[in-house]
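Remarks on the structure that follows.
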Amino acid sequence: MFKPLIDWYMATLDSGGYPLVALLMAVESSIAPLPSEFVIPPAAHLAWKNGMQFLGIHFAGWPAQIGLVIAGAIGSWLGATAMYWASRWLGRPLVLRYGKYIFISPEKIHGAERWAAHYGSMGIFVSRLLPVVRHLIGIPAGIVEMNYAKFSVYTLLGSAIWSAVLCYVGVIAGQDERLMAGEFHRIAMWLAGAAAVLGGIYYFFVHRHMKGV
């Protein structure tokens, strides 16, 4: 589904830099579940290898990675903010009725509400580190009119940590020469490892509550 977008991203990442990363992280946290794993790691590899330009200043090494963490956190906050205010202004009935038109089914909304009810305000912070629920949590927060300042702080902190983790993965993966050379079994090993970790996190911390178990 996202292959054309990912292909475009890889082709324009060098010129798009931090604003492009922030834009796609905003999309990832709002209307479409675009995997952040496809946004931050490639940018981290590029930044580590060639550096990145922003406002005429060239950043390289760890300063370039810090820039990515900031861009990822700001982009995630912008996307989550859009979901928060849309849900707060529209209210639960309209969100449930029309959410399906922006890839958010009533089942997902109910699941996010159960997650939020179980974990409370700290769920905002934790959700930024977890798949699936991370791009939905702004909906119940907006519906219950959670304090926006608190919502923003938790979102920014959680998103910054998640972006930092993905930056580290991108740098480490970029140092694997066999992976960068496109060896299939090496790529399969990285993908299998990432899927196992994310799958375990999703099951133990999200699935049971999203399903109401």
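When we screen Ala149, Ala112, Ala117 for residues that are at pLDDT 80 or above and of a type in the set (A, V, I, L, M), the only hit is Ala149.
Please determine whether any residue of the range 171-191 is at pLDDT 85 or above and either touching a Cys at 6+ places or on another chain (Cβ under 6 Å) or surrounded by 18 or more Cβ atoms within 10 Å (Cβ to Cβ) (or both). Checking the range 171-191: not a single residue is at pLDDT 85 or above and either touching a Cys at 6+ places or on another chain (Cβ under 6 Å) or surrounded by 18 or more Cβ atoms within 10 Å (Cβ to Cβ) (or both). From the list Ala86, Ala160, the one residue that fits, being closer than 23 Å to His45 by Cβ, modelled with pLDDT of 80 or more and not aromatic (Phe, Trp, Tyr), is Ala160. The single condition among (1) within 17 Å of the chain's Cα centre (by Cα); (2) part of a helix (DSSP H, G or I) that Leu34 does not meet is (2). Give me a count of the residues in the range 47-73 that are surrounded by fewer than 20 Cβ atoms within 10 Å (Cβ to Cβ), of a type in the set (A, V, I, L, M) and either assigned to a loop (DSSP other than H, G, I, E, B) or in contact (Cβ under 8 Å) with a residue 24 or more places away in the chain (or both). The qualifying residues number 3.
Selection of the range 128-155 for residues being over 19 Å from the mean Cα position of the chain (by Cα) and hydrophobic (A, V, I, L, M, F, W, C) yields Ile143, Val144, Met146, Ala149. Exactly one residue among Ala32, Ala80, Ala64, Ala44 is touching a helix residue (DSSP H, G or I) at 6+ places or on another chain (Cβ under 7 Å) and within 29 Å of Ile139 (Cα to Cα), and that residue is Ala80.
The values are calculated or read from the model by the stated rules, or taken from the named source; none is laboratory data. Everything quoted here is computed from the prediction, not taken from an experiment. Ideal geometry is used to build each Cβ from the backbone, glycine not excepted, and the neighbour counts take in all protein chains shown.
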